[in-house]
Amino acid sequence: MASDDNKLYYDEKNGSPTASAIEPVVAGRVSGLKRRLPGFSLEVRQEESSFATTKSASNADFDPIPPSRRTWNWGAYVAYWMADAWAVSNWEVASSMIAVGLSWKMAIGACVLGNTIMGLVITVNGRMGATLHTPFPVLARMPFGYYFSYFVVLSRCVLAIVWLGVQTTTGGQCMSVLLTAIWPSFANIPNHIPASEGITTSGMCGFVLYFLLQLPFLCIPYTKVQHFFAFKSVIAPIIFLAVFGDTLHKAGGTISHSTVITQGTTVSGSVLAWAFFANLNGVLGNYATLGLNIADFSRYANKPSAQNVQAIVIPVIFTIVGLLGIFTAAAAQTAYGQTIWNPIEIISLWMKSGSHGGRAAAAFGAIGLIIVTLGINISANSISAANDLMSFCPKYINIRRGQLLAAVIGSWGFVPWKILASAAKFLAFLGGYTIFLGPMTSILMTDYYIVRRGNVSVPDMYNFHGIYRYSPKYASNWRAVAAFFIGCTPPLPGFVNSIVVAGNGKTSISLGGQHLFNIGYIYSFIAAGVFYWGFNRFFPHTESIMDHAETGEDIIAANDAKNVEERRASRAERRSSIVAQIFEV
């Protein structure tokens, strides 16, 4: 049994976890670090918070985004989704659909429908962030209460960190292709890692180098990261179109003879219908994570309508990428004698010609895909994980530190190369996680738009004893908790079945249970939203119902003006100091 000295406590006054029992030890070590490094501080930069009363409750990154830092216009959101859509996973999205019996046209139909639905969910949910300018972990306190919101945030955080590690492994594979293209002998490095680990010595070298490469990119300020997205939105289409164009050229300019195109549906009746719904559910799940926490990005909007373009951009771009993936795989069947869905594998084949031109093309292709994975890790994973980690310890974690911490945990703590190589069950778990994300998203949207009609209090979201505490003892909203479990519990047996089947096992789960899981996101989203509305209709929490919104915009603007002047004065003082030192020399 753990001693009282190691006991963790929850600071109800500040609304954030603390480990008060070990603070003297931590303080002593920090003091030692400060003596060795005079400029070092574990505490993040603190500007005067708009609403939080202590440093333990918020920081400059966790506060509502002030007017001076609302820098994302509609073009930034187009670039953001261009950065997200041009990815290996979206390129390959139709492969599993065709494998289970759908024709390529039905596969594209599932992509169009799924991405259109998710585009609407993301845009509607994103309106909250664009209006209130608060991150997702803060918004989650509104319907769920303070304690249960940490469960919701943790659930999202773990998923983001795992995918960050998986994408880092994909980036490591691109790095290995690049190194092999430059130095062919790299492929001949002796392997000293057991085969059970799912990675070779050369593969680990590529992984480590990519991991180190991405760290500086994770430090790009969120007010400027949209420029990197814009850069990737130009590079990524060029690379993927080059892969498609070269493969089509090698295939003689035609794809009409490929079985990918000529093969129709191989199943019929109800089997075909449920196969379609299962893959539609997979498309929805692909970005169900961002459907939940899109406020982490929409809060940077310079006006609420700036993020509305997502409703159009998402289905259009994702459909184009999926189509190119299908046509490239079809051309590869003629060009290489096999259907190849992975563009990294196609780029690797360019080197086999033995010519300098082939190696150069592979090198440039690998560089492009490295940029692609960097963009994905920033846009879909690291910033989201950083906001989630920040909510647990805002005194010591800001967005930059959160991104670096998530990269370390995801890349090394979860052993992502082993997940990709052998953990089919774990990948099935990640894919089926949508049955938990759907209810969370629905409850958040229902609460803001239907129950409260937008009349919410931003200051109370930062006040642990505010109107969103709900229960003096449990600090959770039982209506949201009950609706969440009503939404996610019925598809749960089918979820378990999918994990067991992925590991080549069998279960006694009925066909009905499996079918319910096949529409898991849609069911859980609708069920949780309806029940949450019903609970609030018949058992309202009157203390948190308002007849007007309190965004605190005047306080935010006043603090912003003050902080901007302080930053300008600080920069001017540093410049004067540098000039004085120069003249002294």
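Taking a ≥ b ≥ c as the square roots of the eigenvalues of the Cα gyration tensor of the range 475-585, is the shape rounded (a/c under 1.5), prolate (a/b larger than b/c) or oblate?
It comes out oblate by the Cα gyration axes.
Suppose R0 equals 41 Å. What FRET efficiency, 1/(1 + (r/R0)^6) with r the Cβ-Cβ distance, do Gln338 and Leu404 give to the nearest 0.05?
E(calc), rounded to 0.05, equals 0.55.
Give, rounded to the nearest 20 debye, the magnitude of the charge dipole that the chain has about its Cα centre when Lys and Arg contribute +1 at Cβ and Asp and Glu contribute -1 at Cβ.
Working: 39 positive and 29 negative charges, 93 e Å.
Charge dipole, the chain, about its Cα centre: 440 debye, nearest 20.
So how exposed is Tyr222, as accessible area in Å² (1.4 Å probe, rounded to 10)?
Result for Tyr222: roughly 20 Å² accessible.
If you place +1 on the Cβ of every Lys and Arg and -1 on the Cβ of every Asp and Glu, how big does the dipole about the Cα centre of the range 326-419 come out, in debye to the nearest 20?
Numbers: 6 positive and 2 negative charges, 52 e Å.
The calculation lands at about 240 debye.
Between Lys55 and Arg567, what is the label-point separation in nm under the 7 Å Cα-to-beta-carbon projection?
It works out to 2.0 nm between the two label points.
Quantify, in whole percent, the carbon and sulfur part of the accessible surface of the range 370-449 (1.4 Å probe; protein heavy atoms only).
It is 70 percent, rounded to a whole number.
Obtain the nm distance between the two label points defined at Thr254 and Val234 by a simple spin-label model: each point lies 7 Å from its Cα along the Cα-to-C-beta direction.
So the two model labels end up 3.8 nm from each other.
If I model a spin label as a point 7 Å beyond the Cα along the Cα-Cβ vector, how far apart are those points for Ser89 and Ile320 in nm?
Each label point lies 7 Å from its Cα, and together they span 2.1 nm.
How large is the accessible surface of Leu209 in square angstrom, using a 1.4 angstrom probe and rounding to the nearest 10?
Spelled out: Leu209, probe radius 1.4 Å, area about 80 Å².
Give the relative contact order (percent, whole number) for the chain; include only Cα pairs under 8 Å separated by 6+ residues.
Working: 940 pairs, mean separation 152.2, N = 585.
This gives 26 percent for the chain.
Per residue of the chain, what 222 nm ellipticity follows from adding -39500 (n - 2.57) for every DSSP H run with n ≥ 4, rounded to the nearest 500?
-20500 deg cm²/dmol
With a probe of 1.4 Å, find how much accessible area the chain has per residue, and write the answer as a whole number in Å². Display every interim value, and only then the final one.
Working: 25100 Å² over 585 residues.
It amounts to 43 Å² per residue over the chain.
For the range 213-267 and the range 424-466, write down the distance between their C-alpha centroids in whole Å.
32
Apply the membrane-span-like helix rule to the chain: whole DSSP H runs, Cα extent along the own long axis of at least 24 Å, mean Kyte-Doolittle hydropathy at least 1.6. List the helices found.
Span-like helices in the chain: 310-336.
Using 29 Å as the Cα-Cα cut-off, could you pick out the over-long pairs in Lys105/Lys250; Lys55/Lys562; Lys395/Lys473; Lys224/Lys352; Lys303/Lys473; Lys232/Lys395?
Check vs 29 Å cut-off fails for Lys224/Lys352; Lys303/Lys473; Lys232/Lys395.
Taking the dipole about the Cα centre of the chain, with the C-beta of Lys and Arg at +1 and of Asp and Glu at -1, give me whichever of Phe485, Cys219, Thr180 is farthest to the positive side.
So the residue we want is Thr180.
The values are calculated or read from the model by the stated rules, or taken from the named source; none is laboratory data. The structure displayed is predicted, hence computed values, not measured ones. Neighbour counts run over all protein chains shown; Cβ positions are idealised from the backbone, glycine included. In case anyone asks, the SASA skips ligands and DNA or RNA and just uses the protein heavy atoms, side chains included. Shrake-Rupley method; radii C 1.70, N 1.55, O 1.52, S 1.80 Å.
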